[in-house]
Amino acid sequence: MIQLGKFETYLIEEFFDDYRAGDMTHRTFTRRVAFITGSMAAASAAMLLVGCTPEEVPRSSDPMPTPAPSSSSSAGNGTAAAGAVPGARSPLSVPEGAAGLTTSTVAFPSNGTGISGYLARPGGGAAGPAVLVCHENRGLTPHIQDVARRFAIAGYSALAVDLLSREGGTAALDADAVPGALTSAGAARHVADFAAAFDYLAAQDFVDSARIAMNGYCFGGGITWQAAAELSGLKATAAFYGPAPDLSKVPAIKAAVFGVYAELDQRITGAMPALKDALTASNVTHQLTVYPGVDHAFHNDTSGRYNEAQATAAWNDTLAWFKQHV
């Protein structure tokens, strides 16, 4: 028998869906599951649980994949290269070096360890609102740095945290090993790092410490829900198609929460009614919106599931929610 945690199950099911849809090769699917579970025997069991046939799973005697050096030069610990974001298709995309913005890599302590993040902020000296940004299971990528700049264009200081800072940063890891490293670290560590990031932002003279929000995508949407239940200083959150928090934690939420869901992503959207009932019962200010005709990860304009119309709508709805509650 194999026992998987919530985030391990979430990611393996997501990768299985991508594999079945033809968006991920069998080799990549197998490597990612092996890195998450820690052995080929456990990977085989997990792949069978999510719906693979016996012919599709590796043998227990197969060797574990060897992590390869990352070929990325612009994700993680460093500023993205000047110019357009690789693969970006959104009209909202903001290139590195855009006029009126300041971007930098910053560091702050979390439980005695230095954590890295990408900070984008508007010009001007007055203190204003801020947003913490949580990346997907791919780690801190140029796309997430782009999201931070989109917030900066809208008037927010945005800090995208690299949750793999302790492992050397996203850019230092094999891309297939990144999801496993994130799940191995555990949600509690990630929320603690965002608590430290909150304190870092709150101490900056360009941030109004009473106006800090949080936004996350996929895996990061799940961490955003967890943070909403634990970081009482957050004014608002926007979680894009992430796993819901434990419903028992919902009464602890103080922020005004916005949830983005995809109509075709029933693996996640199917749990939305129960979450909505729990939020209503706890008098948590909330809005959960299902965007029609789209699937998981429809906001990421570097992915095959990107939908410009619905991604733009979800982004504008997020800004409207933050304008109202932050």
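At-a-glance table
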{"read-out": "Meets criteria (under 14 Å from the mean Cα position of the chain (by Cα), at pLDDT 95 or above and closer than 21 Å to HIS190 by Cα) for ILE253", "value": "no"}
{"read-out": "Meets criteria (closer than 13 Å to VAL257 by Cα and either surrounded by fewer than 20 Cβ atoms within 10 Å (Cβ to Cβ) or charged (D, E, K, R) (or both)) for SER184", "value": "no"}
{"read-out": "THR224 in contact (Cβ under 8 Å) with a residue 60 or more places away in the chain and either among the hydroxyl-bearing types (Ser, Thr, Tyr) or under 14 Å from VAL257 (Cα atoms) (or both)", "value": "yes"}
{"read-out": "Qualifying residue in the stretch 205-217 (condition: closer than 21 Å to THR9 by Cβ, under 16 Å from the mean Cα position of the chain (by Cα) and assigned by TED's automatic domain parsing to the domain that holds ARG149)", "value": "yes"}
{"read-out": "Criterion (modelled with pLDDT of 95 or more, of a type in the set (Gly, Ala, Ser) and under 11 Å from the mean Cα position of the chain (by Cα)) met by exactly one of GLY114, GLY139", "value": "GLY139"}
{"read-out": "Residues satisfying the stated conditions in the stretch 279-305, i.e. small (Gly, Ala, Ser) and either under 25 Å from ASP246 (Cα atoms) or in contact with a Pro (Cβ under 8 Å, 6 or more places away or on another chain) (or both)", "value": "ALA281, SER282, ALA297"}
{"read-out": "Lone unmet requirement of (1) farther than 28 Å from ALA185 by Cα; (2) buried (at least 22 other Cβ atoms within 10 Å of the Cβ) for HIS135", "value": "(1)"}
{"read-out": "Members of the stretch 136-187 found to be among the polar types (S, T, N, Q) and within 21 Å of PHE108 (Cα to Cα), listed by number", "value": "THR141, GLN145, SER157, SER165, THR170"}
{"read-out": "Residues (hydroxyl-bearing (Ser, Thr, Tyr) and in contact (Cβ under 8 Å) with a residue 40 or more places away in the chain) located in the stretch 103-139", "value": "THR103, SER110, THR113, SER116, TYR118"}
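The values are calculated or read from the model by the stated rules, or taken from the named source; none is laboratory data. Note that the coordinates shown come from a computational prediction; the quantities given were computed from them, not determined experimentally. Every residue, glycine among them, receives a Cβ derived from its backbone with ideal geometry; neighbour counts consider all protein chains shown.
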